[in-house]
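Colleague: Input: one structure, supplied below.
Only the coordinates and a few stated rules stand behind these numbers; no lab work does. These numbers were taken from a predicted model, which means no experiment stands behind them. Ideal geometry is used to build each Cβ from the backbone, glycine not excepted, and the neighbour counts take in all protein chains shown.
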Amino acid sequence: MALALQAPTSRPPLPRKAMVRRPRLVRALRMAREVPLAVLVAPAGYGKTTLLAEWAREDARPFAWIGGGEVADGDSDVLLDTTVGSATSCEL
């Protein structure tokens, strides 16, 4: 089955006024240059999206951003399609 590549449809969210900044975590992520993939796992409400958006704003590397609303749970074809489209568009 051939999949049509999709361009990413979302960008990291803009910072909120009351955002809790995490400079130590962002610095650790920025310094992890030799790591090909970062996986961030935490329960809902722990600031994963906020941390990753802050990292994307402060790091010069390209980022492929896939918003949670773009991929339905359990739809691996759409996840793969969206991931490849995002990575291609930002030249990863």
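Colleague: Highest first, please rank the peptides 36-48, 11-23, 75-87 by the mean number of other Cβ atoms sitting within 10 Å of their residues.
Modeller: 75-87, 11-23, 36-48
Colleague: While we're on this one: So, in nm, how far is label Ala32 from label Asp77 when the simple model puts each one 7 Å beyond its Cα toward the Cβ?
Modeller: Each label point lies 7 Å from its Cα, and together they span 3.2 nm.
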